[in-house]
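Quick notes on the structure that follows.
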Amino acid sequence: MQSSTIASSSSHPPNAELAKHRRINTFRIVFASALITLLTTSCAQSPGALAQGNSSSVTASSSTSIANKKPMETNQQNASPDIPQMTAEEISKRMLDLIGKIKTAEDISAKNLEIATGLKVYFDPVNSKEYGTGAKITDTWFFNITVISSNKEGKPSRLIFSFDDQTHSDADMTAICQVDFDAYAKRLTELGFESKPYYGEHNRLIYWNFSRGKVELQISIRGESDKKVTHNCVSMIVIDV
């Protein structure tokens, strides 16, 4: 799907929007690392050990309260010692189903996130308004979902969904691109979202914006591989409601 078929116009985001996008991306990287360490550590522990909240070895900047703290508590008992695993196709379909139901911030509550993903949700023990989940796709790729506050009231209102390369080597995205950007865009359009691309310096695409009422999505994309640069894959979705 070409850009012209998705949106009739494009624009350049203001500096504040670009700065926000960079902050979110930085937070996503830090949180993803912390959450993956948590999943690996907690799954290696017994249910009793996790319930006691043993300290994690994760370290990160003070901008995220998830990192450098004891593991987030789960609102379900840990029944399996295995790291959860899910295909990229399945989580993509689950996320699109969740997005279709989002109208208010309550729709991204921890309970609804668990129902939508079928995964345990972990809470920041210091700030219960921040929580997340994730799972392994391949040895290279994990996905992470984080919910944080983005408003003055401090209520959870921003969801960050990302595919994260654990090798940090710009690995090709073939394993996670079975549901590509065109498929996401098509489904979001069917769900009533309007779209517009945003460009930065040198006319470089920064993200696609999808909106429906008070729900805003920013979708970052990346080429599948060096051989399939023009096949766009979803790398991160930021949902504000």
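The values are calculated or read from the model by the stated rules, or taken from the named source; none is laboratory data. From a predicted model like this one, the values you see are computed outputs, not experimental measurements. Glycine also receives a Cβ, built like all others from the backbone with ideal geometry; neighbour counts cover every protein chain displayed. Quick note on the areas: whole protein, heavy atoms, side chains included, nothing else; ligands and nucleic acids left out. Shrake-Rupley method; radii C 1.70, N 1.55, O 1.52, S 1.80 Å.
Brief remarks on what is shown
- Heavy-atom accessible area ranking, 1.4 Å probe, most first, across ASP124, ASP226: ASP226, ASP124
- Heavy-atom SASA rank of LYS101, LYS186 (probe 1.4 Å, accessible area, largest first): LYS101, LYS186
- Label zone at LYS228 (point 7 Å along Cα-to-Cβ), backbone N below 19 Å, the stretch 171-215: 171-187
- Around the amide H of TYR207, modelled in the peptide plane, lie the amide H atoms of TYR198, all under 5 Å away and 5 or more residues distant in sequence or on another chain.
- Note on ARG204 and LYS155: with the Förster distance fixed at 45 Å, the Cβ-Cβ geometry gives a FRET efficiency of about 0.85.
- Cα-projected label distance for LYS101 with ASP139, points at 7 Å along beta-carbon direction, nm: 3.6 nm
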